[in-house]
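To start, the structure under review is shown below, and the notes come after it.
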Amino acid sequence: MSTAIAPANETAIQFVDVCKSFGERSRRHLVLDRVSFSVPKGKTTVIAGGSGQGKSVILKLILGLLRPDSGQVLIGEKDITTMGYKALQEQRMRFGVLFQGAALFDSLTVFENIALPLRERTRLSDQEIRSRIAATLEQLELTGHEEKFPAQLSGGMKKRVGLARALQLEPEIVLFDEPTTGLDPVMTREIYELFVRTQQRLGYTAVIVSHDIPQIFTLADQIILLNKGELDIFSDPAQIPLSTKPKIREFARSVMGQQAA
């Protein structure tokens, strides 16, 4: 069944009847089975589910790093599944990405890591780049660390640097791939608080893939749960234990530690 396309002025991203599978024809593994959902502008959508359920596949489809077998992936009103290389590169300018582990370059200082997208994608002068990065360093409490190398930083500091780099092109949408992996509970909470403050200040749309359940749900305006190619959408984590679906009730019991009603 086809799903109506939501208004572009309200939606940052929309999947419409998207299918994605992997493997040889005789052993195809269906990861997404005609899934449809919308990501509202300026809000935080959290994507959760077990290992191998397709969380990171969704991020790669959004970025155009993978193509669906069928269906549409809309960024605003544009279907990126039909774009050529040049148009796709232009679309990617709208995104910031915070990778798992921050993905910093070990041979570059904090400053140079953050400056990288500005040097590659803009024509800003060195002074303009320094001014922009100085403002970001102050906002993310990184001032004084700009000449350090990643090996000299704590896990939490690396996440901050990764976020600083992801924000340099002033993206409309920021994608977070397991952003708290490897952090202790105290640092995880600090990073979550940083995400909230940064989004409130800049107003971007956030999509967070995470295994950190149920803590990550405190950030969410919308929760998408993936299971065996299908998805369920919730606007409040309190709705999850109230689901009538056995698989969701089991999720609430085993993962969230809540007994379904």
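Read-outs: derived from the displayed coordinates by stated rules, not from any lab. Note that the structure is a prediction, hence the values are computed from the model and not measured. Glycine gets a Cβ as well: all are built from the backbone with ideal geometry, and neighbour counts include every protein chain shown.
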Report task. Show the residue pairs that are 6+ apart or on different chains and have beta-carbon atoms under 8 Å apart, the first residue being within the range 28-52 and of a type in the set (Lys, Arg), the second being not in a strand (DSSP E or B). Result -> LYS41/ASN9; LYS41/GLU10; LYS43/ASP221
Query - Members of the range 38-67 that are touching a Ser or Thr at 6+ places or on another chain (Cβ under 9 Å) and surrounded by fewer than 20 Cβ atoms within 10 Å (Cβ to Cβ) - result: PRO40, LYS41, GLY42, LYS43, GLY64, ARG67
Report task. Give the range 114-124 a look and list any residue that's under 19 Å from the mean Cα position of the chain (by Cα) and buried (at least 19 other Cβ atoms within 10 Å of the Cβ), or say none. Result -> ILE114
Report task. Could you tell me whether any residue of the range 188-205 is among the polar types (S, T, N, Q) and farther than 20 Å from GLN100 by Cα? Result -> yes
**Report entry** Qualifying residue in the range 174-189 (condition: surrounded by 20 or more Cβ atoms within 10 Å (Cβ to Cβ), over 24 Å from GLY50 (Cα atoms), out of contact with any Lys or Arg (no Cβ under 8 Å at 6 or more places or on another chain) and not small (Gly, Ala, Ser))
**Finding:** no
**Report entry** Matching residues in the range 124-155 - criterion: being farther than 26 Å from THR180 by Cβ and among the β-branched types (Val, Ile, Thr)
**Finding:** ILE129
Requested in this report: State which residue pairs qualify: first residue more than 24 Å from LYS159 (Cα to Cα) and inside the range 114-133, second residue buried (at least 17 other Cβ atoms within 10 Å of the Cβ) in any location, beta carbons under 7 Å apart, and separation of 6 or more residues or different chains.
Outcome: LEU124/LEU118
Query - Single residue of PHE105, PHE111 found to be surrounded by fewer than 16 Cβ atoms within 10 Å (Cβ to Cβ), touching a residue at least 12 places away in the same chain (Cβ under 8 Å) and on the phi < 0 side of the Ramachandran plot - result: PHE105
